[in-house]
Amino acid sequence: MSRIDLNKNWDYSEALEGTNHIRLKEKYNLFIDGVFVEPASKHYFKTTNPATGEVISKIAEAGKIDVDLAVKSARKAFKSWSKLNPKERGKYIFRIARMIQEKAKEFAVIESMDGGKPIRESRDIDIPLAANHFFYYAGWADKLEYAFSHQTPKPLGVAGQIIPWNFPLLMAAWKIAPALACGNTIVLKPAETTSLTCLKLAEVIEESGLPKGVVNIVTGAGETGSEIVAHPNIDKIAFTGSTAVGKLIQETIAGTDKRSTLELGGKGANIIFEDAALDQAVEGIINAIFFNQGHVCCAGSRLFVQENISEVVIEKLKDRMSSLVLGNPLDKNTDIGAINSREQLKTIKDYIKLGKKEGGKIYQSECEIPAKGNWCPPTLFLNVSQSSRIVQEEIFGPVLSIQTFRTMEEVIEKANNTPFGLSAGVWTEKGSKIFKLTKELNAGVVWANTYNKFDATSPFGGFKESGIGREGGLHGLKAYLKFDS
Amino acid sequence: MKRIDVLKTYKIFIGGKFPRTESGRYSQIKDDAGELLANMCLCSRKDFRNAVVVARKAQKKWQSTSALNKGQILYRIAELLEGRKAQFIDELMMTGSSRKQAKAEVELSIDRLIYYAGWSDKFQQIFSSVNPVSSSHFNFSTLQPMGVISVIAPNDFSLLGLISVVAPLIVGGNSCVVLASEINPMISISFAEVINTSDVPHGVVNILTGKRKELVSHFASHKDVNAIIYCGDSNEEIYEIEMLSVENLKRVKIYKRIDWERKNGQSPYFIEKFQEIKTIWHPTKV
């Protein structure tokens, strides 16, 4: 086997994205009823750059009173927003899509500063996809009856939306765009470590002239979220986050008329057969687990390699891992950015420790770790089994576990043997094998000969404990409508 | 000499067999005049768990049965029910329906089976999509049955309600464990006999009789059940079901006041409710 000489020096020159064009305030208030207001508690928390530890800005912490105000404003706005001519409703959403595109670079830089993800990803994936979601759903606003034949779709009312820190602006777009298109109003809470792009989105919404109160953005941590979930005047909860919190939400709303859609955790199986195009597959495996530092609910965190090619694949994986560039998220060469928070870094490190204790054989690429900030090098574990906790549980970091298999039936059973069911990957050059696997894998999204691809037109969401409902595409509309029956 | 009637023993329906409840308990169903009609099984948690095991086993194969074949099997149920129309009308009259009501309910039940038989190879076409993604990929979304569904069947319309709830489930490739109408459970067991002679694979439909109060919690909490349907309006039971379903994030569907006789008692949306959307991507760039 010929190999690239990796002993040569492969340094890249720094290619930093500038930050002097971005506009950030020293502190951010809550966006309620179309204006930025101070929180009742007057309390603000710091948001930091996870790559440097520097404080970027201060964010208002919303409490019960603020959430209540936001819900009241959304309830009031619902009356006219839901009655507005759907065509006009759509035009507002189109406008928001365009304004995100206009400010795309600023959004991308802030996303990388606040969340730690490589600028290459925020620039090429997060921000354009967020704009596309608004653009896609804008067009649905006046066409809903075509999506649900023989039914009369109606908006639900006020939607409470709680989103995670791994794709801050994109998740806001996934939630806000379909809700607005269907005629609902919104109280949205971003994750406490990544509020900034949502607050910049609030500015865009203000500038777009969207009627006051249609979108309200309240910032804060878990407690603010529980105020939203428990609020009696909210009709629907849309949540993206951990399975544990998703279950708490379901318990809180049990017995009420509140509806919910949940997009929760996963432990994606990525299956590589002996007849796969190996180099493409290896590239795909890398992207499946190390994209966004592995902070991805649908990450391909369980690799299954057919036994007879396992040595070659693992060798190629290690080679590729050693060429990944870890460092400053704002450097255009960076492949692996910073871990989003100190807490998450601890969780990942604990799992790595556990993996070793369970008898796993660890390999980490030897990259230079910056002195400041939160970092975790790309990691893989061999010698693990189905029962290992690092194979069963979601780590939400750049940690891949590798198992081997012999037959197709065996790997299908192993892949499905998890309480999750969000995503899976299949690598083979044989078409019938792809369709057999995609049919039998119990997962909401199956990528064949690719991985971690997203699109506004493509429904996303999980089976089993990975969630309830779909976001994106035509199927994503249903989460924000009710039907007379 | 007066002929002595042969009375029917009603048992339960699990995996294509008609066992008695393992609990050995029974409840008596009487007609309006107080005459004993039947001793019905009072099923236990163990009966339910046994039924889930066979339902899970049957579901995998049933899911991969062709849509055409599923449709023909549902049609076959309707054929057999049509052949036993007189018996079913009589049985409904035993439990208080007028002849006119009973006839209407049985006929509508048969027609409803035919309605869903016809959907078997069509609903997928209505609800799937090819998604025009911006990157060079072919992307489509298709439906997959949720799996094993536990069903608390309607108390009223003991035949029509049962068929209206179960037919869309099974035509979509799910298997189910049903708690029959608590008020009029007899006819559900007669219907089980029809199912059992109509090519429905054993274990796809399982029917238990017993008390909601005793069984709802087990129907909701079982970890190998993917979804639950509750037909009724007890807020207490709905709360209990929603709480107990959290552990494995069971999908919960509440049918509060659906009038199964009306036109909106049937639609492909009853099939769609118990399908998961699966989206598949493949590159198009060579």
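The values are calculated or read from the model by the stated rules, or taken from the named source; none is laboratory data. Source: prediction; values computed, not measured. All Cβ positions, glycine included, derive from the backbone under ideal geometry; neighbour counts span all protein chains shown.
Any chance the range A:460-479 includes a residue that's charged (D, E, K, R), at the interface with chain B (Cβ under 7 Å from one of its Cβ atoms) and at positive phi? Walk me through it before giving the result.
Step one: filter the range A:460-479 for residues charged (D, E, K, R), giving A:464-465, A:470-471, A:478.
Now restrict to residues that are at the interface with chain B (Cβ under 7 Å from one of its Cβ atoms): A:464-465, A:470.
From what is left, the residues that are at positive phi are A:464.
Taking every residue of the range A:460-479 in turn, at least one turns out to be charged (D, E, K, R), at the interface with chain B (Cβ under 7 Å from one of its Cβ atoms) and at positive phi.
Can you work out which of the residues in the range B:144-160 that are assigned to a strand (DSSP E or B) and more than 10 Å from every other protein chain (Cβ to nearest Cβ) is surrounded by the fewest Cβ atoms within 10 Å (Cβ to Cβ)? Step through it out loud before you land on a result.
Our first condition is that a residue be assigned to a strand (DSSP E or B); within the range B:144-160, this holds for B:144-145, B:148-152.
Now restrict to residues that are more than 10 Å from every other protein chain (Cβ to nearest Cβ): B:145, B:148-152.
Details: B:Pro145: 22, B:Val148: 26, B:Ile149: 29, B:Ser150: 30, B:Val151: 27, B:Ile152: 25.
That would be B:Pro145.
Looking at the structure I just gave you, is B:Thr197 under 17 Å from the mean Cα position of the chain (by Cα) and hydroxyl-bearing (Ser, Thr, Tyr)? Spell out the reasoning first.
Values: under 17 Å from the mean Cα position of the chain (by Cα): yes; hydroxyl-bearing (Ser, Thr, Tyr): yes.
Yes; evaluated as a whole, the condition is true for this residue.
Report, by residue number, each residue of the range A:236-255 that is in contact with a helix residue (DSSP H, G or I) (Cβ under 9 Å, 6 or more places away or on another chain) and part of a loop (DSSP other than H, G, I, E, B). Full working, then the answer.
We begin by selecting, within the range A:236-255, every residue in contact with a helix residue (DSSP H, G or I) (Cβ under 9 Å, 6 or more places away or on another chain); these are A:236-241, A:243, A:245-255.
A:Gly241, A:Ala254, A:Gly255, listed by residue number.
Sort out which residues of the range A:270-308 are touching a helix residue (DSSP H, G or I) at 6+ places or on another chain (Cβ under 9 Å), closer than 21 Å to A:Ile352 by Cβ, within 14 Å of another protein chain (Cβ to nearest Cβ) and not in a loop (DSSP other than H, G, I, E, B), and write them in order of number.
Result: A:Asn270, single match.
Consider A:Phe107 carefully, then state whether it is assigned by TED's automatic domain parsing to the domain that holds A:Pro211, within 23 Å of the chain's Cα centre (by Cα) and over 30 Å from A:Gln293 (Cβ atoms).
In short, no.
Among what's in the range A:127-178 and is part of a loop (DSSP other than H, G, I, E, B) and among the charged types (D, E, K, R), pick the residue that is nearest to A:Asp66 (Cα to Cα). First the steps, then the outcome.
Just the residues of the range A:127-178 that are part of a loop (DSSP other than H, G, I, E, B), to begin with: A:141-143, A:148-152, A:156-157, A:163-167.
Next cut, among the charged types (D, E, K, R) only: A:142-143.
On the way: A:Asp142: 33, A:Lys143: 35 Å.
It comes out as A:Asp142.
Counting just the residues of the range A:432-462 that are charged (D, E, K, R) and assigned to a helix (DSSP H, G or I), which one comes out surrounded by the most Cβ atoms within 10 Å (Cβ to Cβ)? Walk me through it before giving the result.
Applying the first criterion (charged (D, E, K, R)) to the range A:432-462 yields A:433, A:436, A:439-440, A:453, A:455.
After this cut, where a residue has to be assigned to a helix (DSSP H, G or I) as well, the list is A:433, A:436, A:439-440.
Details: A:Lys433: 18, A:Lys436: 15, A:Lys439: 15, A:Glu440: 20.
If we take residues in the range A:432-462 being charged (D, E, K, R) and assigned to a helix (DSSP H, G or I), then A:Glu440 is surrounded by the most Cβ atoms within 10 Å (Cβ to Cβ).
Please enumerate the residues belonging to the range A:436-465 that are within 15 Å of the chain's Cα centre (by Cα) and under 24 Å from B:Val286 (Cα atoms).
The answer is A:Val445, A:Tyr451, A:Asn452, A:Lys453, A:Phe454, A:Asp455, A:Ala456, A:Ser458.
Having 1 or more residues that are of a type outside the set (S, T, N, Q) and within 12 Å of chain A (Cβ to nearest Cβ) is the bar; report the strands (runs of 3 or more DSSP E) wholly within the range B:184-286 that clear it.
Values: elements: B:205-208, B:227-231, B:251-255, B:275-283.
The qualifying strands (runs of 3 or more DSSP E) are B:227-231, B:251-255, B:275-283.
I'd like to check something: does the range A:204-227 contain any residue that is over 25 Å from A:Ile395 (Cα atoms), among the hydroxyl-bearing types (Ser, Thr, Tyr) and within 14 Å of chain B (Cβ to nearest Cβ)?
No, the range A:204-227 has no match at all.
Within the set of pairs 6+ apart or on separate chains, which have a first residue in the range A:311-329 that is over 8 Å from A:Cys367 (Cβ atoms), a second that is among the basic types (Lys, Arg) and at pLDDT below 95, and C-beta atoms under 8 Å apart?
That search, which allows pairs on different chains as well, returns A:Asp319/A:Arg3.
Considering only residues that are charged (D, E, K, R) and farther than 16 Å from B:Phe270 by Cβ, look in the range B:106-143 and name the one that is nearest to the other protein chains (Cβ to nearest Cβ). Before the answer, list the steps.
In the first step, residues of the range B:106-143 are kept if they are charged (D, E, K, R); the result is B:107, B:111-112, B:121-122.
With the extra rule that they be farther than 16 Å from B:Phe270 by Cβ, the set shrinks to B:107, B:121.
On the way: B:Glu107: 23, B:Asp121: 17 Å.
Among those that are charged (D, E, K, R) and farther than 16 Å from B:Phe270 by Cβ, it is B:Asp121.
Going residue by residue through the range A:157-165, is there one that turns out to be more than 20 Å from the chain's Cα centre (by Cα) and within 21 Å of A:Lys72 (Cα to Cα)? Talk me through it step by step, then tell me what you get.
Keep residues of the range A:157-165 that are more than 20 Å from the chain's Cα centre (by Cα), which gives A:157-158.
Narrowing further to those that are within 21 Å of A:Lys72 (Cα to Cα): A:157-158.
Yes: the range A:157-165 contains one or more residues that are more than 20 Å from the chain's Cα centre (by Cα) and within 21 Å of A:Lys72 (Cα to Cα).
In the range A:293-349, which residues are crowded, with 21+ Cβ neighbours inside 10 Å, of a type in the set (Ser, Thr, Tyr) and closer than 17 Å to A:Leu382 by Cα?
Of everything in the range A:293-349, just one residue is crowded, with 21+ Cβ neighbours inside 10 Å, of a type in the set (Ser, Thr, Tyr) and closer than 17 Å to A:Leu382 by Cα, namely A:Ser301.
Which residue, of A:Gly246, A:Gly241, is within 14 Å of chain B (Cβ to nearest Cβ) and closer than 18 Å to B:Glu242 by Cα? Give the steps one after another, and end with the answer.
Numbers: A:Gly241 fails: closer than 18 Å to B:Glu242 by Cα.
Criteria check complete, one pass: A:Gly246.
If I filter the range A:20-36 down to residues being among the β-branched types (Val, Ile, Thr) and under 18 Å from A:Arg75 (Cα atoms), which single residue comes out as surrounded by the fewest Cβ atoms within 10 Å (Cβ to Cβ)? Walk me through how you get there before you give the answer.
Filtering the range A:20-36 down to residues among the β-branched types (Val, Ile, Thr) leaves A:22, A:32, A:35.
Going one step further and asking which of them are under 18 Å from A:Arg75 (Cα atoms), we end up with A:32, A:35.
Working: A:Ile32: 25, A:Val35: 13.
Residue satisfying both the conditions and the ranking: A:Val35.
Suppose we filter A:Ser122, A:Ser112, A:Ser149 for residues that are at pLDDT 95 or above, over 21 Å from B:Ser134 (Cβ atoms) and of a type in the set (Ser, Thr, Tyr); which single one remains? Talk me through it step by step, then tell me what you get.
Details: A:Ser122 fails: over 21 Å from B:Ser134 (Cβ atoms); A:Ser149 fails: at pLDDT 95 or above.
After applying the criteria, what remains is A:Ser112.
Going by the conditions given, is A:Met99 assigned by TED's automatic domain parsing to the domain that holds A:Val229 and either under 23 Å from A:Gly327 (Cα atoms) or polar (S, T, N, Q) (or both)? Break it down into steps so the answer makes sense when it comes.
On the way: assigned by TED's automatic domain parsing to the domain that holds A:Val229: yes; either under 23 Å from A:Gly327 (Cα atoms) or polar (S, T, N, Q) (or both): no.
It is false that A:Met99 is assigned by TED's automatic domain parsing to the domain that holds A:Val229 and either under 23 Å from A:Gly327 (Cα atoms) or polar (S, T, N, Q) (or both).
Report yes if some residue within the range A:338-360 is within 24 Å of A:Val55 (Cα to Cα), out of contact with any Gly (no Cβ under 7 Å at 6 or more places or on another chain) and part of a loop (DSSP other than H, G, I, E, B); otherwise report no.
The answer is yes; a qualifying residue exists.
Inside the range A:413-431, can you point out the residues that are within 25 Å of A:Glu465 (Cβ to Cβ) and either modelled with pLDDT under 95 or crowded, with 21+ Cβ neighbours inside 10 Å (or both)? Working first, answer last.
The first filter runs over the range A:413-431 and keeps only residues within 25 Å of A:Glu465 (Cβ to Cβ), leaving A:413-426.
Result: A:Ala415, A:Thr418, A:Phe420, A:Gly421, A:Leu422, A:Ser423, A:Ala424, A:Gly425, A:Val426.
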